[in-house]
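The values are calculated or read from the model by the stated rules, or taken from the named source; none is laboratory data. Please read these numbers as outputs of a predicted model, since none were measured by experiment. Note that we place each Cβ from the backbone using ideal geometry, even for glycine, and neighbour counts take in every protein chain shown. The protein model used for the area step is the full one, side chains on, heavy atoms only, and it has no ligands, DNA or RNA in it. Shrake-Rupley method; radii C 1.70, N 1.55, O 1.52, S 1.80 Å.
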Amino acid sequence: MNPLDLVNSLVPELTASFTPTYVFTFGDSGIGVTQYIFWMCITFALTLIVVLACGKHLQLVPTNRFVGMVEQGYGMVRRDMGENPIGHGFEKHIPFLATLFFFILISNFVGLIPGCKTPTGTISVTWCLSLISFVYFNYWGIRAHGGWGYIKHIAPSGLPKVMVPIIWFFEFLSLVLRALTLTVRLYGNMFAGHMALGIFSIFAYAFLWAGIQNGLAGIVTGGMSILWMLLLFAMYALETLVAFLQAYVFAVLSGVYIGLAVAEH
Amino acid sequence: MEITLAAMKLVGYGLGAIGPGIGIGIACYGCCVGTARQPELAGRLFTNFILGAALAEALALLGFVLVFIL
């Protein structure tokens with residue numbers, strides 16, 4: 001029995017598990033909750049529990065380890081996503097950035113638990129997140145410069161008059177693309193990472209099963225599955241890093257975009 | 001092996017990922033060198049690195065989207 005044939009027969013099942021399907025529907029209305037939205041609600045609840053539980057035990061010097069951990073995260077949001085990219089007047093954007101960061105972080109980590117789905121592994125959730133960020137930084141840009149002022153502000157000042165329309169066009173294109181890239185970066189990283197984890201576990205399973213089927217001659221094939229297993233653990237460690245990094249990058253980029261939108265020339 | 005449209009899409013995406021890969025590599029190199037020379041600027045350098053990497057990465061992500069929608 002060839003293990004690769006077994007892999008080929010198992011991959012469609014894996015891809016099918018990634019397509020959104022209704023977990024339950026509300027009667028015959030055709031409106032339902034997919035597995036991603038189900039886990040998104042759980043993530044909402046978790047985020048609220050973590051942040052509220054931490055907020056109840058605030059002290060000047062935190063003695064509780066859990067509170068200290070959440071405060072570290074909040075301090076990082078304040079420093080890396082507020083103070084550095086936005087600069088003057090960053091305090092009013094911190095609640096938004098901290099909400100984004102904690103929600104994406106917890107939803108990425110929920111997906112790492114076997115059996116759970118990450119809400120950010122579907123493009124609709126990440127579209128929503130990036131649209132919220134897009135609308136938010138444009139709103140603050142318009143508030144800071146006024147409607148016409150913000151449109152002029154897209155092109156950097158101090159350019160020769162002839163160059164302004166061309167540069168403005170490209171800057172405008174990159175402004176619109178920000179919504180798309182924020183979406184696809186988070187979605188692509190989470191989706192591809194979980195797909196890779198699934199593929200590696202299928203490989204480990206298929207090689208082990210083929211080894212058992214082949215009897216004594218299958219020891220080499222079965223032994224290969226240990227290698228796949230080790231690779232799976234390495235990939236899992238990498239995914240843990242990526243889960244943190246993508247939440248960090250999303251929040252930092254939102255901060256940078258807000259900083260660019262409200263910056264004075 | 002027959003050449004299918006899906007296979008060509010993947011090849012195109014692979015080719016499209018070369019440029020951003022080199023670009024992010026150069027940006028990361030610059031960030032590391034700058035931080036080593038002036039560690040107190042690490043925070044601002046890293047923010048700028050993330051912004052530059054995001055701009056370079058946009059091209060690879062466009063390729064990723066095009067694979068799905070074409």
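Computed over segment A:3-262, relative contact order equals 27 percent, with contacts defined as Cα pairs under 8 Å that lie 6+ residues apart.
Excluding ligands, DNA and RNA and using a 1.4 Å probe, chains B and A jointly bury around 1300 Å² of accessible surface, summed across both partners.
Contact-buried residues of segment A:157-201, at a threshold of 50 Å² lost accessible area versus the chain by itself: A:VAL184, A:ARG185 (1.4 Å probe; DNA, RNA and ligands ignored).
What's the FRET efficiency of A:THR99 with A:ILE167 using the Cβ-Cβ distance as r and R₀ = 35 Å, to the nearest 0.05? Working from the Cβ atoms, E equals 0.55. Split the accessible area of segment A:3-262 by element, probe 1.4 Å, and carbon with sulfur accounts for 74%. The accessible area of A:MET190, taken with all protein chains in place and a 1.4 Å probe, comes to roughly 0 Å². Between A:SER9 and A:ILE226, the distance separating the two model label sites (each 7 Å from Cα on the Cα→Cβ line) works out to 2.7 nm.
When both segment A:173-224 and segment B:8-46 are represented by their alpha-carbon centers, they are found 25 Å apart.
Inter-part distance, segment A:242-262 to segment A:49-118, computed on C-alpha centroids, equals 14 Å.
When a 1.4 Å probe is rolled over the protein heavy atoms, the share of accessible surface on chain B that falls to carbon and sulfur comes to 74 percent. Residues of segment A:85-107 falling in the label zone of A:ALA45, defined by backbone nitrogen less than 16 Å from a point 7 Å along Cα to beta-carbon, are A:107. Largest GNM mean-square fluctuation among A:LEU48, A:LEU159, A:LEU131, using chain A with Cα springs under 10 Å: A:LEU159. In sequence order, segment A:147-152 has phi-based couplings of x, 5, x, 5, 5, 5 Hz under the Karplus curve 6.51 cos²θ - 1.76 cosθ + 1.60, θ = phi - 60°, and Gly or Pro positions carry x.
What does the accessible area per residue of segment A:3-262 come to in Å², with a 1.4 Å probe and no ligands, DNA or RNA counted? Each step should come with its number before you reach the end.
Details: 13790 Å² over 260 residues.
Result: 53 Å² of accessible area for each residue.
Here is the P(r) of the protein assembly as shown: all C-alpha pair distances, binned every 10 Å from 0, give 5, 19, 29, 25, 14, 6, 2, 0 in whole percents.
Cα gyration tensor of segment A:27-157, axes a ≥ b ≥ c as square roots of the eigenvalues: rounded (a/c below 1.5), prolate (a/b > b/c) or oblate? Show your work: numbers first, answer last.
Numbers: a/c = 2.56, a/b = 1.18, b/c = 2.18.
Taking the square roots of the gyration eigenvalues as a ≥ b ≥ c, segment A:27-157 is oblate.
Surface calculation, 1.4 Å probe, protein heavy atoms: A:SER174 sits at approximately 40 Å² accessible.
A simple spin-label model places the labels of A:ALA144 and A:MET69 3.5 nm from each other, with each point 7 Å out along Cα-to-Cβ.
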